[in-house]
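Asks: Pasting a structure here, questions to come.
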Amino acid sequence: MEAHALADAVNLRGVEYRWNTRNSFTLSIGAFQVPRGERLLLLGPSGSGKSTLLSLLTGIASAQAGSVEILGQPLNELHGSGRDQFRAEHFGIIFQMFNLLPYGSVIDNVLLPLNFAPARRARTVAAGGLESEARRLLTSLGLPGDIGRQKAATLSVGQQQRVAAARALIGSPEIIVADEPTSALDENRQQDFLDLLFDQVDASGATLIMVSHDRRLAQHFTRVVEFADILTVSKTEGSNR
Ligand code: ADP
Ligand code: MG
């Protein structure tokens, strides 16, 4: 469960992954490293395996070969609830579809990851308290101050995205991963959202890894990696024959 202060945020070597289905998609990554503090955009077309890679980084999926190290911790040494707790402590995740609990309040949704992450929860308490930290982030991300008690299902897409970002940022996890979080927004709103997200990521000192197919986002990042350049083999076949 220890994360090492000096290790890279992410270090992948010789990773092979195949979904356990008839679909023959295989992801093979020779080497992929993300130093701490980077604001990285990983660009690749739809279906290239970007979401799959994020599942491997966060330990939602397990590589069949190779090594995935996060903050110096090899994920293959973690199992079951230990792996879930590691994810909750060290990652803030903005899913493509946001994955908010529709019947939970906005505040409940923002605080959710802390239920599985005692150290992250303690940091949030120390920073000013659970509810007040949630409200501070929601306001910083441009949401109205009184939104906290609303049910997530009643929010617009743009508001849901900001709640998802607050949920990722709460308690300052070391790594924020974002899966095409602006794909549902028009260009002006994308820009607003990214500016607010980057401000909060910079304030917390987190490493940001965003994946997208949208090259127009490239200008906002400290490093841009073409997904194809980290792949050793890639194929998407079988599923649509
Ligand atoms: P991207 O995010 O770049 O669009 P994905 O990682 O979602 O790409 O998909 C890459 C391949 O993995 C596709 O062939 C897709 O069908 C397959 N895939 C993605 N998620 C799953 C899953 N949960 N189960 C089985 N196959 C999946
Ligand atoms: Mg995807």
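Asks: Once you have the Cα-Cα distance between R22 and D84, take 0.36 nm times their residue separation minus that, and quote the gain in nm to one decimal.
Replies: Values: separation 62, 0.36 × 62 = 22.32 nm, distance 2.67 nm.
Additional length available on full extension: 19.6 nm.
Asks: So what is the relative contact order for the range 86-142, in percent, with contacts set as C-alpha pairs under 8 Å and at least six apart? Write down the numbers at each step before the final one.
Replies: Numbers: 26 pairs, mean separation 20.0, N = 57.
Result for the range 86-142 is 35 percent.
Asks: When only DSSP loop residues count, what chymotrypsin sites (Phe, Trp or Tyr not before Pro) in the range 85-136 have their Cβ near at most 14 other Cβ atoms within 10 Å?
Replies: For chymotrypsin sites (Phe, Trp or Tyr not before Pro) across the range 85-136 that sit outside H, G, I, E and B with at most 14 neighbouring Cβ atoms in 10 Å, the list reads Y103.
Asks: Further question on the same structure: Per residue of the chain, what 222 nm ellipticity follows from adding -39500 (n - 2.57) for every DSSP H run with n ≥ 4, rounded to the nearest 500? The partial results should precede the final answer.
Replies: Working: 8 runs with 80 residues, N = 241.
Value at 222 nm, helices only, nearest 500: -9500 deg cm²/dmol.
Asks: Once you wrap a convex hull around the alpha carbon atoms of the range 8-167, what is its projected area averaged over all directions, in nm²? Don't skip to the answer; put the middle values down first.
Replies: Working: hull surface 42.4 nm².
For the Cα atoms of the range 8-167, the hull's average projected area reads 10.6 nm².
Asks: Where in the range 169-183 does the amide nitrogen come within less than 20 Å of the point 7 Å from the Cα of L196, taken along Cα to Cβ?
Replies: Answer for the range 169-183: 169-173, 176-183.
Asks: Just to make sure I understand: if all protein chains stay in place, what is the order of V211, V125 by accessible area at 1.4 Å, largest first? Write down the numbers at each step before the final one.
Replies: On the way: V211 0, V125 80 Å².
The most accessible residue leads, giving V125, V211.
Asks: Could you work out the relative contact order of the range 141-241? I mean the mean sequence separation of Cα pairs under 8 Å and 6+ apart, divided by the number of residues, in percent.
Replies: Taking the mean separation of contacting Cα pairs over the length of the range 141-241, I get 28 percent.
Asks: Rg over Rh of the range 138-236, using C-alpha atoms and the Kirkwood radius, what does it come to?
Replies: Working: Rg = 14.9 Å, Rh = 14.9 Å.
Dividing the radius of gyration by the Kirkwood radius yields 1.00.
Asks: Determine, for each peptide in 148-158, 200-210, 62-72, the mean count of other beta carbons within 10 angstrom over its residues, then list the peptides with the highest first. Mind showing how you got there, number by number?
Replies: Numbers: 148-158: 14.2, 200-210: 19.5, 62-72: 17.2.
Going by the mean number of other Cβ atoms within 10 Å, highest first, we get 200-210, 62-72, 148-158.
The values are calculated or read from the model by the stated rules, or taken from the named source; none is laboratory data. Nothing here was measured: the structure is a model prediction, and the numbers come from that model. All Cβ positions, glycine included, derive from the backbone under ideal geometry; neighbour counts span all protein chains shown. With ligands, DNA and RNA removed, areas are computed over all heavy atoms of the protein, side chains included. Shrake-Rupley method; radii C 1.70, N 1.55, O 1.52, S 1.80 Å.
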